[in-house]
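The values are calculated or read from the model by the stated rules, or taken from the named source; none is laboratory data. Because the structure is predicted, anything quoted here is derived from the model rather than measured. Neighbour counts run over all protein chains shown; Cβ positions are idealised from the backbone, glycine included.
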Amino acid sequence: MIHSLFVINHSGDVFMEKHWRSIIPRTVMDYFFEAQRQVVKDNKGHEDVPCVIATPHHYLISIYHNSLYFVAVCMSEVPPLFVIEFLHTVVDILEKYFSECNESNIKEHYVVVYELLDEVLDNGYPLATEPNILQELIKPPNIIGNLINTVTGKSNVSSVLPSGQLSNVPWRRADVKYTNNEAYFDIVEEVDAIIDKTGSTVFAEIAGKIECCVRLSGTPDLTLSFINPRLMDDVSLHPCVRLKRWENERILSFVPPDGSFCLMTYHVGCQSAVAIPIYIRHNFFLPKENSQSQTGKIEITVGPRQTMGRVVENLQLSIPMPKFVLNCTVTVNQGRATFDPVTKILLWDVGKIDPTKLPNMRGQIHIQSGAVILQSTPSVNVQFTLSQTAISGLKVHRLDMFGENYKPFKGVKYLTKAGNFQIRM
Amino acid sequence: MASGNLGLTYGGQEKTPSLSGETEFAAEAGAPGGLFHADYKRHDDLKQMLDSSKDSLKLEAMKRIIGMVAKGRDASDLFPAVVKNVVSKNIEVKKLVYVYLVRYAEEQQDLALLSISTFQRALKDPNQLIRASALRVLSSIRVPVIVPIMMLAIRDSVSDMSPYVRKTAAHAIPKLYDLDPEQKDELVMVIERLLSDQTTLVVGSAVMAFEQVCPERTDLIHKNFRKLCAVLVDVEEWGQVIIIGMLTRYARTQFTDPNINGTSYSQKDKPFYEDSEEDDEKSKQRESLALDPDHRLLLRNTKPLLQSRNSSVVMAVAQLYHHLAPKEDVAVVTRALIRLLRSHREVQTVVLNSIASMSVNRKDMFEPFLKNFFVRNTDATQIKLLKLEILTNLANESNITFILREFQTYISSQDRDLVAATIQAIGRCAAGIKEVTDTCLSGLIALLSNSDELVVAESVVVIKKLLQTQQGSHGDIVGQMARLVNRITVPQARAAILWLVGEHCEKKRVSKMAPDVLRFMARSFANEQDVVKLQILNLAAKLCLSNPKQTKVLCQYVFSLAKYDQNYDIRDRVRFLRHLIFPSTEQAVLAKYAKKIFLASKPPPVIESVFKDRDEFQLGSLSHYLNSRVVGYMDLPSFPAVAPDSSVRDVESPRPTIPITSVPGNSTGTSSKGKKKETFYSESSSEDEERNEDSGSSDSKSDSSSETESGSADSDSDASASDEDDDDDSINISQQNIVRLSPSLSPSPPTHRLTRSLVIQSSSESQYSSNSSDSDSSISDTPEKASPRMPLAVPKSNLDLLLDLDVSDSVTTPVMASIPGIPLASLANTSNSDSSIQPASAVYISTRPMELVSSVSSGCSLQILYRYTRSVNLYSASMVTIELTLINTGNEDLAEIKIANKNLPVGISMHEFTTLSSLPAGATRLVTLGIDFGDSTQTVSCDLVASGRPIRVNFRPSVGELIRPVTCTEGVFINEQGKLKGMNEHSFPITNLSELGDVKNISTKLFRAANMASINSSEQNTLRFAGQTLSSKSLVLVTILIGTNPKLTVCCEKMIIGSMLLAELKEALKN
């Protein structure tokens, strides 16, 4: 299983290491750095560092998160997904503890991180990865807690085993008490789409998830039902959800973890045509290969399409330009457009779409002199949100609570976002 | 304020630039000469903090040390200072010390042993978290000598009430196995027990241990198979992955191939498959009827896990279906796999890899999801390539136009790798699907005029492959490509063109151009890459054969260029070609066939998926991902032709799965009790264990407070004592501390002396009396039951003894007598004075005294000789008798010779001789001295005053003299030796056996070195000697094996004595 973990920052320093079995020297990371250099040499992004690297004696399995690499070292056969999933779990845990998993936070809380790492794995095999259990074992750092600890001499390490570790509901900590009992459900849907040159949809799909923030005292038992559960085609569920009830009645019945978590993710079947909320008219050309001119042209207009009566907000278009583009000078009638000459990305932050005056961008593309012009066409990555609506039409029917006597405050929010939304030009 | 100050100095010595300018300056100033000094000092302040009595300071220090460990800096020199704090009351300090200990114990094994007793004590703590963490740390310390302690701890914890502790025990098993694979048999028994555990918390870890230690023991799974299937859904995610992996292998050995009846699941016989579609319904029924019910159970119970949020669980289920399910059922996993494609990049990569492999044989499974594999420009290159691979695998007549249109957009992508791979993919589609071959080929030819050289080059290579597979004349295409040779610089493409020209050099249009091509290439030969050079030679040879008139000279020119090439492959090739084409002698037989050889028709290359051959590896495994065998990979067994007996999985009565509740006391407690009856152990030693368990759980509650308190007091004193000599020598501390810990074994409370003596009187000469009959009569083993189990039972009781070490350590008062849980037997054993072990007289007594003080060094003409008489001291049996010979070599009388100023270390006492009133000149007197060395080899110094003048004398005994001989029967000897295993056993292979001479000679040498008695041995090649340390009466057993593997083994409860004696005997046998 997992022998060691190395955390590497953006500049290629190993700034944290943890060994669960015998100590593996840092030099093993040289193989990783070698792979990293290779990627940089090939003009690729950090994403392209292979996630499994085989070295003569070790196997390095890495994930990339927030400009940090988490590299696990294994020495024998292990399902690679097991390790990758575990590393992501670690990142999630650290995010729960420090709100953001970045270098400075880890450095600031070395000891807590180390204690956590000691708790999540035993001999390279996961031991306790439920955030609720960990939070009971090792208190997340906060200013007030630190102050109290200094004054009272208490430590932020628990001396008793969290009851969750023993119970059938390992995800929930015991003795939760709130003065305000509340449960919020965010239904977030993402539209994935590929739209081709002519504006026709090559591929479109809706994937949704239900993010919860539940702060309820005691051990509440919740059921969440939908008006139209048949829309959901393929789901993945948090372990707290009772599988049988879902399969038979399409009702989510669960004892929630304390705090925020992702209850389920679902997928809306292809058979129902996906409403694409925006359209783009574009005009893009680069100078011909042998022509004298060093400038190309770009013109884009965005408009709303099927928006279910909502306003398209936070619209953002990013266009990765070919490497030989020197600069783009564009004028927009709305929002702000910037070109990053290093990453060669033309970013247009549009904002809301006003149907009466469509956002428009036009301008010139300057080419590096002497560069070989390749007739490649960029594609536009689109970001947008439609608030107060789930584009699939999914609706929550009701939320009931059993097992406790108080009346909780309940809330459901819908949101539609662009997921992997691409328009080929 | 103190910590702030310290923090500042610490910051200064850190290698990272500090914010404070002042400290930076300080560090720089000290840099040239004081580098080491600074380093030394850095840890000094941490040591101070660790030694302080304030928990807050300790915590601060530990946090900084852990910070260093986390950064990967070396903090090993703090080990002695840190390890003391293992007894800290502060839970966080303790935890950090544990973390530190696990990190460095391997490097500092001796010191790490100091902490062991703390863990042993913690293993009996009423708090399950503390028990579990103690077990975790104890098992993580990779020190081989504690193997027996670990083994015992694991075996105890396996029957712990708390499932969490049992889980930890399961985790400890592979650790112990790594440390000492010889424990496997015992561990397997423990695993068997854990596998039958009812709680879901434990099951996952138990299977993990099974997989690591004994994956080949499928027989252990039979009984648990149905239970595992039933609880699978409730097991935590990581456990699910492990269990599914294991069950996949298990099912492969137990069930027959579900696809065996005629329908092989490779899609090559597609028409057949389509035909069978109509009676699909029927065949499905038939097949599922044929399926073993257990097989179906497995498939049915794993299916819900496809909805897990954990991608590795989904993948595990997918591979299970891939390898085990009837082919109609495999499709259920598709959706879930597609879902994973929305996950993190790394997950996508691995999943796509598996899909790519599956899609080779299971096209229909993924075909409906074709669009999900369309490439996006935001994908990482690796993912793009995998998607392309899958798209190509899925291509068939109906969707090919769709796929090709998609491919077209990829060609204008900015990602060069994707473009290249797309062209290759087009080539594969063209070769695979006859309908589109021509379209593809013309498309590829169109690409030859692309502005991008990479596209052109890649197309050339692909076209070359395609042309090879196509029959018919391609003169125009080759001709068109030959013209490109000047434009393309990519070596592979040039090589491909040259090959094509050479191959088609007899074709109508090519034959005219070919010599020109060669002429061009000959001119640029020197600057070409090696691949191209080889192809130029090839072309030259072919042309020379087909068109010698135009090209012979050119060919010779190229050959002579190649003859002096730097690359030996090229030189080699040209040598070979020259002899074929321009034979120097008449007998060149091959040269006649040169044309046939070169212009033979070649078999077309097979263009197929690179994932084709990955079937040999289990889907989703690391080996599969890397397509190479990884260490520890276990091959998936192929289905048996005939299923083994399925009744092995039958359980007598289907036990209801008892869900764990948050109250572990009642339900699980009873269930584990009830279960015990049917486990393996219940027969041999469950009573024993139960007894231990009782003492652990019920009694510790009553006396735990007193116990821990006194324990901490003890160790505190330890800590402070070792502080004093902290600076000197760390090894020294360790030895002292171990010695200090161990004597607590010896002074057994008076009450026990009594009982023991009673036992001695009452018990017969039976050799088993000591360890069975004097404990509770109700639980004593009957001799006939005990005797065949001797090898199993003996190490166990010995380990008991080790465990009890800390109990007696903390409670040395008679209180112990009132603890019913402590087996009397073990106490009796600690003192080892069994009725069957009798003192004996010394075999060898040295008659030659050695010089202690010479007359010159004494300064007063007194010479002192000494000799060990090896007789029992009259004053105290624990004293070593030393005979001193006092000789007055001078001319004056010496008056009043006596011992004075004896500054004896703790635990050592001396019985001095009566003062000599006078020693006349030239006279010799004998006096005897008794010294109780307390079983240590510490030097005892005192002053011998003669005529008022002190002479310093030092007594440093050899270990051999601290022993007195005892005899016993061979049986008792072996029995006792069995108890002294592990840490207590020291052995050394004898290398110079031939020089030693016969048995008698060896015995003599041994007797000379150590005061021991020989034990009659029934085995010819084994010599046995027994002795007893003088003050603590611990047995010392020496075995010398003469035979093929001569070995010297010393067993002694006191590790120090044992190891030192071994060293001495080694020396003695050498001389």
Anything in the stretch B:929-973 that is surrounded by fewer than 21 Cβ atoms within 10 Å (Cβ to Cβ), touching a Lys or Arg at 6+ places or on another chain (Cβ under 9 Å) and hydrophobic (A, V, I, L, M, F, W, C)? List them, or say none. B:VAL945
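The rows are residues; the columns are (1) modelled with pLDDT of 85 or more; (2) basic (Lys, Arg).
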{"residue": "B:CYS229", "(1), (2)": "yes, no"}
{"residue": "B:GLU237", "(1), (2)": "yes, no"}
{"residue": "B:ARG249", "(1), (2)": "yes, yes"}
{"residue": "B:TYR273", "(1), (2)": "no, no"}
Residues of the stretch A:110-124 classified as out of contact with any strand residue (DSSP E or B) (no Cβ under 9 Å at 6 or more places or on another chain) and in a helix (DSSP H, G or I), total: 1
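Checking the condition of a type outside the set (Gly, Ala, Ser), in contact (Cβ under 8 Å) with a residue 60 or more places away in the chain and facing chain A (nearest Cβ under 10 Å), which residue from B:VAL350, B:VAL419 passes? Steps first, please.
Working: B:VAL419 fails: in contact (Cβ under 8 Å) with a residue 60 or more places away in the chain.
Exactly one of B:VAL350, B:VAL419 is of a type outside the set (Gly, Ala, Ser), in contact (Cβ under 8 Å) with a residue 60 or more places away in the chain and facing chain A (nearest Cβ under 10 Å), namely B:VAL350.
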Note down all Cβ pairs under 6 Å where the first residue falls in the stretch B:942-961 and is under 30 Å from B:ASP893 (Cβ atoms), the second is aromatic (Phe, Trp, Tyr), and they're at least six residues apart or on different chains. none
When you scan the stretch B:635-655, do you find a residue that is modelled with pLDDT of 50 or more, within 14 Å of another protein chain (Cβ to nearest Cβ) and either surrounded by fewer than 16 Cβ atoms within 10 Å (Cβ to Cβ) or not in a loop (DSSP other than H, G, I, E, B) (or both), even just one? yes
If I filter the stretch B:867-882 for residues that are modelled with pLDDT of 80 or more, of a type in the set (Lys, Arg) and assigned to a strand (DSSP E or B), do I get at least one hit? yes
Restricting to the stretch A:213-250, name every residue that is in a strand (DSSP E or B) and either free of Cβ contacts under 8 Å to residues at least 60 places away in the same chain or within 14 Å of another protein chain (Cβ to nearest Cβ) (or both). A:CYS213, A:VAL214, A:ARG215, A:MET232, A:ASP233, A:ASP234, A:VAL235, A:SER236, A:LEU237, A:VAL241
Scan the stretch A:52-74 for residues that are modelled with pLDDT under 90 and facing another protein chain (nearest Cβ under 7 Å) and jot them down. none
Filtered residues of the stretch B:342-400 (kept if under 24 Å from B:ARG416 (Cα atoms) and outside any helix (DSSP H, G or I)): B:HIS344, B:PHE374, B:VAL375, B:ARG376, B:ASN377, B:THR378, B:ASP379, B:ALA380, B:ALA395
Somewhere in the stretch B:901-912, is a residue of a type in the set (Asp, Glu) and either under 19 Å from B:ASN1011 (Cα atoms) or assigned to a strand (DSSP E or B) (or both)? no
Please name all residue pairs, on different chains or six or more residues apart, with Cβ atoms under 8 Å, provided the first residue is in the stretch B:230-242 and is over 17 Å from A:ASP122 (Cα atoms) and at the interface with chain A (Cβ under 8 Å from one of its Cβ atoms) and the second residue is of a type outside the set (Lys, Arg) and assigned to a helix (DSSP H, G or I). B:VAL233/A:LEU243; B:VAL233/B:ASN301; B:VAL233/B:PRO304; B:VAL233/B:LEU305; B:ASP234/B:THR200
As an exercise: evaluate B:ARG487 against (1) surrounded by 15 or more Cβ atoms within 10 Å (Cβ to Cβ); (2) of a type outside the set (Gly, Ala, Ser); (3) closer than 25 Å to B:ILE423 by Cα and give the number of the one condition it does not meet. (1)
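Would it be correct to say that A:GLY296 is over 29 Å from A:ALA204 (Cα atoms), part of a strand (DSSP E or B) and at pLDDT below 90? Can you show your working first?
Details: over 29 Å from A:ALA204 (Cα atoms): yes; part of a strand (DSSP E or B): yes; at pLDDT below 90: yes.
Yes: the conditions hold for A:GLY296.
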Within the stretch A:1-39, residues more than 12 Å from every other protein chain (Cβ to nearest Cβ) and either of a type in the set (Phe, Trp, Tyr) or at positive phi (or both) come out as A:GLY12, A:TYR31, A:PHE32, A:PHE33
Looking at the stretch A:354-391, which of its residues are within 14 Å of chain B (Cβ to nearest Cβ) and either part of a loop (DSSP other than H, G, I, E, B) or surrounded by fewer than 18 Cβ atoms within 10 Å (Cβ to Cβ) (or both)? A:ALA371, A:VAL372, A:ILE373, A:LEU374, A:GLN375, A:SER376, A:THR377, A:PRO378, A:GLN383
Applying the selection to the stretch B:380-403, what residues are in contact with a Leu (Cβ under 9 Å, 6 or more places away or on another chain) and within 14 Å of another protein chain (Cβ to nearest Cβ)? B:THR381, B:GLN382, B:ILE383, B:LYS384, B:LEU385, B:LEU386, B:LYS387, B:LEU391, B:ASN399, B:PHE402, B:ILE403
So which helices (runs of 4 or more DSSP H) stay within the stretch B:953-1025 end to end and still have 3 or more residues that are β-branched (Val, Ile, Thr) and within 20 Å of B:VAL843 (Cβ to Cβ)? B:999-1009
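Which one of B:ILE130, B:ILE146, B:ILE154, B:ILE191 is under 16 Å from the mean Cα position of the chain (by Cα) and among the β-branched types (Val, Ile, Thr)?
The match here is B:ILE146.
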Top-ranked residue of the stretch A:16-40 - restricted to ones that are of a type in the set (S, T, N, Q) and exposed (fewer than 15 other Cβ atoms within 10 Å of the Cβ), ranked as farthest from the chain's Cα centre (by Cα): A:SER22
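Can you report the number of residues in the stretch B:133-186 which are more than 14 Å from every other protein chain (Cβ to nearest Cβ), closer than 25 Å to B:ILE221 by Cα and assigned to a helix (DSSP H, G or I)?
Step one: list which residues in the stretch B:133-186 are more than 14 Å from every other protein chain (Cβ to nearest Cβ), which gives B:145-149, B:151-153, B:155-156, B:158-159, B:180-186.
Filter again for closer than 25 Å to B:ILE221 by Cα, leaving B:151-153, B:155-156, B:158-159, B:180-186.
Of the ones still in play, those that are also assigned to a helix (DSSP H, G or I) are B:151-153, B:155-156, B:158, B:181-186.
The total comes to 12.
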So, restricting to helices (runs of 4 or more DSSP H) that lie completely within the stretch B:191-255, which ones have at least 1 residues that are under 20 Å from A:VAL78 (Cβ atoms)? B:200-213, B:237-254
Checking the structure you have, find out if any residue of the stretch A:379-400 is touching a helix residue (DSSP H, G or I) at 6+ places or on another chain (Cβ under 8 Å), among the small types (Gly, Ala, Ser) and closer than 30 Å to A:LEU263 by Cα. yes
Among the residues of the stretch A:80-99, is there at least one that is over 24 Å from the mean Cα position of the chain (by Cα), hydrophobic (A, V, I, L, M, F, W, C) and more than 7 Å from every other protein chain (Cβ to nearest Cβ)? no
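Can you go through B:LEU78, B:LEU152 and tell me which one is under 22 Å from B:VAL207 (Cα atoms), among the aliphatic types (A, V, I, L, M) and surrounded by fewer than 24 Cβ atoms within 10 Å (Cβ to Cβ)?
Going through B:LEU78, B:LEU152 in turn, the sole match is B:LEU152.
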B:GLY922, sole failed condition from (1) touching a Ser or Thr at 6+ places or on another chain (Cβ under 7 Å); (2) modelled with pLDDT under 80; (3) surrounded by fewer than 15 Cβ atoms within 10 Å (Cβ to Cβ); (4) of a type outside the set (Val, Ile, Thr): (1)
